[in-house]
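**Q** The following block contains the structure, expressed as structure tokens.
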Amino acid sequence: MTRYANPELRDKLAAEYVLGTLAGRARARFQSLMRYDPALRRTVADWEARLVPFAHAGKEIAPPGHVWRAISRRVGRAQRRAGWWESLAFWRTFAVTSAAFVVALGVAIGMMPRPEPPISTVAVMSDGSGKPAMVVAWPPMKAMRDPHIRVKIVQDHPTMAPSTSWELWLLPGGKAAPVSLGQVSLDELQVMKLPKAVTARMQGAWGVALSVEPAGGSPTGAPTGPIIFKGECVKIL
Amino acid sequence: MGTSPDPLAERLAGLLGQCALGNQRAFADLYTLTSAKLFGVALRIVRRQDWAEEVLQECYVNIWNHAGDYAAARSAPLTWMTSIVRNRSLDWLRRPQSETTGEEYEIAVEIWQDQAPGPMERLVAAGESAALARCLEQLEAKQRQSIALAFFHGLSHSELADHMKEPLGTVKTWVRRGLERLKGCLSGT
């Protein structure tokens, strides 16, 4: 860790990461360092601003038409309006690999503060590429005086576009529509207090999802923007 | 940072905002405006048409899913999208099973050996960064060549050394000094 405190070394590694010469294990290690180090991400962003425009000195080459057709099929499918949370195929698409799940489970267990009832339910939410992005975990609702859930962002570069917000949704059992759990900030660790009406529904929930909404949250009470993270609930106790 | 108003950047930032809200037509426009630029970037790094197509497809699906992550304050939209494509291409290239031939590297060498008016002019014309073009010109030929090879084609240090037929340490030094000078030159403006 102290090795990476040297500002010159950090700058050199960031430059070589952006250039592409940082390869193999060094590249993977650097990527995982970035995840927990916002200052390092800024150094990388500075190097991207310096070097990446260089990429467009090369010729433009139009991709063949079938590439766009494949992309729009994938995007259109994930975007299907009616009851996406009911669709098995939808969830299958975002299945997390078991190895990633174990890692995130470790994170969730590490999130348990000592004096609290033990976490009983965990949902590892993955992004569109199947990478863990956010972990949500909670103890049994009845065991808590002020019911809450814990949220941990594990994504590499969590950022939010201006005038948008992130809203977390509970997917209750059966065919019930998503229930808002409130808005999430970009803080790595968050505790969200739950209103009474929601706590009763936590028990049978089978998934959670995060949507991008206009600033201030969904205007309709249902997700209106794209779902960027989602995961199934797993009872661990 | 002298941020001049760039109509393309503003347009792309607006389209990304629309994508974050689920507007598929905006996404189609975004693709039309950027796909040839980004496909060129991917193709030069992975050096195989089918791989570049796959990378491009994944990246646009990612861009759609993460459009909400785009923070205008941090970087220019095209830089943000290009970084996604570059990183994915580099990760792709570092897979153990991807083997490529060395011939294609020649393209970059030729481009950058002869004072490279073509690409330089494109950089300037693109309004992207006249300062960058000027600073690249100030590098020593070997520094510029090794940086260009690494950047355009994703060559690692050892691949650079093989290709340039120079010792690994020498090549590493060219890259490091080249980057340092580039940074100094760009911040001195």
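The values are calculated or read from the model by the stated rules, or taken from the named source; none is laboratory data. This structure is a prediction, so every number in the text was calculated from the model and none was measured. Note: ideal-geometry Cβ built from the backbone for every residue, glycine included; neighbour counts use all protein chains shown. What goes into the accessible areas is simple: the full protein's heavy atoms, side chains included, and nothing from ligands, DNA or RNA. Shrake-Rupley method; radii C 1.70, N 1.55, O 1.52, S 1.80 Å.
**Q** Cα atoms only: what Rg and Dmax, in Å, come out for the stretch A:1-78?
**A** For the stretch A:1-78, the Cα-based Rg and Dmax read 17.1, 50 Å.
**Q** Taking K and R as +1 and D and E as -1, what net charge do the other residues with C-beta under 9 Å from the C-beta of B:Gln18 add up to?
**A** Counting the neighbours of B:Gln18, the net charge comes to 0.
**Q** Counting only other chains, what is the mean number of Cβ atoms within 10 angstrom of the Cβ of each residue in peptide A:63-76?
**A** Whole-number average of other-chain Cβ neighbours for A:63-76 is 6.
**Q** Here is a follow-up. Counting only protein chains, not ligands or nucleic acids, how are A:Ile227, A:Ile149 ordered by accessible area (probe 1.4 Å), most first?
**A** A:Ile227, A:Ile149
**Q** Could you work out the mean count of beta carbons from other protein chains within 10 Å of each residue's beta carbon in B:177-188?
**A** Neighbouring Cβ atoms belonging to other protein chains average 3 per residue here.
**Q** Ordering B:Cys135, B:Cys185 by accessible area with a probe of 1.4 Å, largest first, what comes out?
**A** Highest to lowest solvent-accessible surface, that is B:Cys185, B:Cys135.
**Q** Which percent of the accessible area of the stretch A:164-237 is formed by carbon and sulfur heavy atoms (probe 1.4 angstrom)?
**A** 58
**Q** Something else now. Could you work out the mean count of beta carbons from other protein chains within 10 Å of each residue's beta carbon in A:18-30?
**A** Across A:18-30, the average partner-chain Cβ count within 10 Å equals 6.
**Q** Return P(r) of the stretch B:1-81 (all Cα-Cα pairs; 5 Å bins starting at 0; whole %; ordered from short to long distances).
**A** 3, 15, 26, 23, 17, 11, 4, 1
**Q** Tell me, what ³J(HN,Hα) does each residue in the stretch B:37-46 have, in order and in whole Hz, if you take phi through Karplus 6.51 cos²θ - 1.76 cosθ + 1.60 with θ = phi - 60° and put x for Gly and Pro?
**A** 5, 6, 5, x, 4, 5, 5, 5, 7, 7
**Q** Compute the signed sum of charges (Lys and Arg +1, Asp and Glu -1) over the other residues within less than 15 Å, Cβ to Cβ, of A:Gly221.
**A** Taking every other residue near A:Gly221 into account, the sum is -1.
**Q** Chains B and A: buried accessible surface, both sides, probe 1.4 Å, rounded to 100 Å²?
**A** That pair of chains buries around 5500 Å² in total.
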